[in-house]
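Visitor: This is the structure I want to talk about, given as structure tokens.
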Amino acid sequence: MLTIPEYYAGKNVLITGATGFMGKVLLEKLLRSCPGVKAVYVMVRSKAGQSPKARITDMINCKLFERLQEEQPNFAEKVIAVNSDLTQPELDLSKEDQSILTENIHVVFHCAATVRFNEPLKDAMQLNVLAIQKMLALAHRMKCLQIFVHISTAYANCDRDWMDDELVSALTPMLIRERPNTYTYTKALAEYLVQQESGDLNVAIIRPSIVGASWKEPFPGWIDNFNGPSGIFIAAGKGILRTMRASNDAVADLVPVDVVINTTLAAAWYSGSQTLNSGLKCCWYFIKYHVISTFKRNPLEQAFRRPNVNLTSNHLINQYWIAVSHKAPAFLYDLYLRLIGQEPRMMKTITRLHKTMMVLEYFTSHSWVWNTDNIAMLMAQMSPEDKKVFNFDVRQLNWAEYMESYCMGTKKYVLNEELSGLPAARKHLNKLRNIRYSFNAILVVLIWRVFIARSQMARNIWYFVVSLCFKFLSYFRASSTMR
């Protein structure tokens, strides 16, 4: 049986969504680990006055492609930009481009999607459902096509645990009301569409859970966006996020992006119709611990407060902490900014954070069981060398190391903070600690003045407690002296 690099040798590959998070990693990995690939066609639309070719040129000059640039300086010659808009009729492809694709493409990776959870249903339907219908129509015309790979989500059927069989089987308007957002709803419709319209095509469906920073490739911790857990980690590291609705034993579903991409490339190599779930489970308390400890050792620049997050499954307690730890400090900080003549901004930041947390709350308060039989079957078919180069065996992942590299990745690649700035960031964090201690001392004095100093009963209780402490200390000293 051919190895994975041998399979892609001499083949023409088509990728949609190549400018997105997973699409970029897929393009880089394919070119770096399968150097024999003939050409990679990427369907890209013009945006902000930039042509598709200019957008691809900018993309391949980013940090992600540095390793590939060192190993294969001429890799860009294999990347061919195709002007296309997936929301338009016939994908907005010219007749010439349609002819080129139908005559030459061997493998299709459909990664394009809107990943915004609260996208208006009409827009989500356009890109997540109708676009794949057009892609399948194009795929049916491809004379050399061997496999069509569709990137879906593990949450496409996230509602099934709470629905009866009759409701699950019925595609009615009630369905979306049981799903948390338009993203999971349209992804489920897309899978249904693939199954109905794939016909005699070999189709593989990849279902990743929440996709996070890279585990190993092209280097640990690479991430380029605030989506999913990345924004939460940054907000926690900045000291903005202080409470989150999730119990200490709640489980998070998270998978490194390079694991998803290696699974995707291996699935196409297998060339058989299949559905593969890709995800890892980890306790939210464990994640919180490592995120907070990492950012205390390696703080983010200009943090608002020292990192600390309270996890609670109780809605009322969570609302209390939101009022005390989010809204009140944000209001006071904005008041301070107004007094010094600056534009207030913290309440706006807190409002955006709360909207994000409301969207993610469904996923932090529920858990699912993924079937990984197809993953195990695929892994068993791979050679020892392919298992190393295209590793998606998550049993080898060390969570503590991964979470630290993830957090450092958000600092380096999302916030663009240099490690040379760590001494100043640590000094700033110590300053915030001293401010907190001073504030707590002032608060104790105020409480004393308002409550204890004005009440004889409170003073008696206070003196009683102090005398007990004094007697305990005296007894402890006497015992130590006798020894």
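The values are calculated or read from the model by the stated rules, or taken from the named source; none is laboratory data. Remember, predicted model here, so these are calculated numbers, not experimental data. Reconstructed Cβ throughout: ideal geometry from the backbone, glycine too, with neighbour counts over all protein chains shown. Protein only, heavy atoms only, side chains kept; ligands, DNA and RNA dropped before computing areas. Shrake-Rupley method; radii C 1.70, N 1.55, O 1.52, S 1.80 Å.
Visitor: What is the sum of charges around ASN310, taking Lys and Arg as +1, Asp and Glu as -1, for the other residues whose C-beta is under 11 Å from the C-beta of ASN310?
Guide: Taking every other residue near ASN310 into account, the sum is +3.
Visitor: Using the basic label-point model (7 angstrom from Cα toward the beta carbon), what is the LEU419 to GLN381 distance in nanometres?
Guide: Spacing of the two 7 Å Cα→Cβ label points: 4.1 nm.
Visitor: So what does ASP224 come to for accessible area, using a 1.4 Å probe and Å² rounded to 10?
Guide: Its accessible surface works out to 50 Å², give or take rounding.
Visitor: If you average the C-alpha positions of segment 221-267 and of segment 385-430 separately, how far apart do those two centres end up, in angstrom?
Guide: 12 Å
Visitor: Set the bar at 29 Å for Cα to Cα. Now go through LYS238/LYS355; LYS348/LYS411; LYS29/LYS412; LYS216/LYS431; LYS134/LYS411 and name every pair that lies beyond it.
Guide: LYS216/LYS431; LYS134/LYS411
Visitor: Summing +1 for each Lys or Arg and -1 for each Asp or Glu, what net charge is found among the other residues whose Cβ lies under 15 Å from the Cβ of TRP321?
Guide: Net charge around TRP321: +4.
Visitor: Quick query: amide H of ASN310 versus all other amide H atoms, modeled in the peptide plane; which residues come in under 5 Å with a sequence gap of 5 or more or a different chain?
Guide: Amide H neighbours of ASN310, under 5 Å, 5+ apart: THR243, MET244.
Visitor: Quick one: length gained pulling ASN371 to LYS427 fully straight, 0.36 nm per residue minus the C-alpha distance?
Guide: 15.4 nm
Visitor: By the scheme Lys and Arg +1, Asp and Glu -1, what is the net charge of all other residues having a beta-carbon under 11 Å from that of SER51?
Guide: Once positives and negatives cancel, what remains is +3.
Visitor: Then there's this: Work out how much length GLU77 to ASN440 would gain on full extension: take 0.36 nm times their residue separation and subtract the Cα-Cα distance, in nm to one decimal.
Guide: Gain on stretching GLU77 to ASN440: 124.5 nm.
Visitor: While we're here: Estimate the FRET efficiency between ASN314 and MET347 by the formula 1/(1 + (r/R0)^6), using the beta-carbon distance for r and 22 Å for R0, to the nearest 0.05.
Guide: The calculated FRET efficiency here is 0.35.
Visitor: Another question, if that's okay. For the pair LEU337 and MET1, how long in nm is the line joining their label points, each one 7 Å along Cα→Cβ?
Guide: 5.7 nm
Visitor: Further question: Say each of ARG297 and ARG395 gets a label point 7 Å from the Cα, pointing the same way as Cα to Cβ; how far apart are those two points in nm?
Guide: Distance between the two pseudo-spin positions: 2.8 nm.
Visitor: How long is the gain from PHE470 to TYR285 if the chain were fully straight, where each residue apart is worth 0.36 nm and the alpha carbon distance is subtracted?
Guide: So the extension gain works out to 62.7 nm.
Visitor: Let me ask you something else. For GLU103, GLU217, give me the order by solvent-accessible area with a 1.4 Å probe, most accessible first, ignoring ligands, DNA and RNA.
Guide: My answer, sorted largest first, is GLU103, GLU217.
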